[in-house]
């Protein structure tokens, strides 16, 4: 009977060790996709914009998401609140809010967050 319990204890410790390693990786390379998908889950709309408009939004005080800088090639991911007006048509185009080819090819992306009711 103790052999069965020892085997079960080893199995539990092994799973805990793997879980601990995976949890530590969330702050490193493995966690980039988790953080990126979480950011996209909070976005209602996305636009690809040119570099000059991205710099203008940053100067206005819009938030730059650090997860974009962890990707290669780096992306400027800017989020603004639901009340902010849409980007102008010149130099911007709407793209799907997903990890598709258009999003991954874009260098500068503006994301509008969902309006959460409080």
Angle between the chain longest axis and helix 2-25 axis [Cα atoms, degrees, rounded to 10]: 20 degrees
Quick one: if you stick a label point 7 Å off each Cα along the C-beta vector at residue 59 and residue 86, how many nm between them? 2.5 nm
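What number, rounded to the nearest 500 deg cm²/dmol, is the helix-based mean residue ellipticity at 222 nm of the chain, given -39500 (n - 2.57) per DSSP H run of at least four residues and division by all its residues? Before the final figure, lay out each step's value.
Values: 4 runs with 49 residues, N = 118.
Computed ellipticity for the chain at 222 nm equals -13000 deg cm²/dmol.
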Starting with the highest mean, order 103-115, 8-20 by the number of other Cβ atoms within 10 Å, averaged over the residues of each peptide. 103-115, 8-20
May I ask what percent, to the nearest 5, of DSSP beta bridges between residues of the chain are antiparallel? 70 percent
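Classify the stretch 32-118 from the C-alpha gyration tensor, please: rounded if a/c falls under 1.5, else prolate or oblate depending on whether a/b exceeds b/c.
Since a/c stays below 1.5, the shape of the stretch 32-118 is classed as rounded.
So for 4, 95, fewest C-beta neighbours within 10 Å to most, what's the order?
Numbers: 4 8, 95 18.
Starting with the residue having the fewest Cβ neighbours, the order is 4, 95.
All of the numbers you see were taken from the coordinates with simple rules; none came from a lab. Keep in mind it's a predicted model, so treat the numbers as computed, not measured. Every residue, glycine among them, receives a Cβ derived from its backbone with ideal geometry; neighbour counts consider all protein chains shown.
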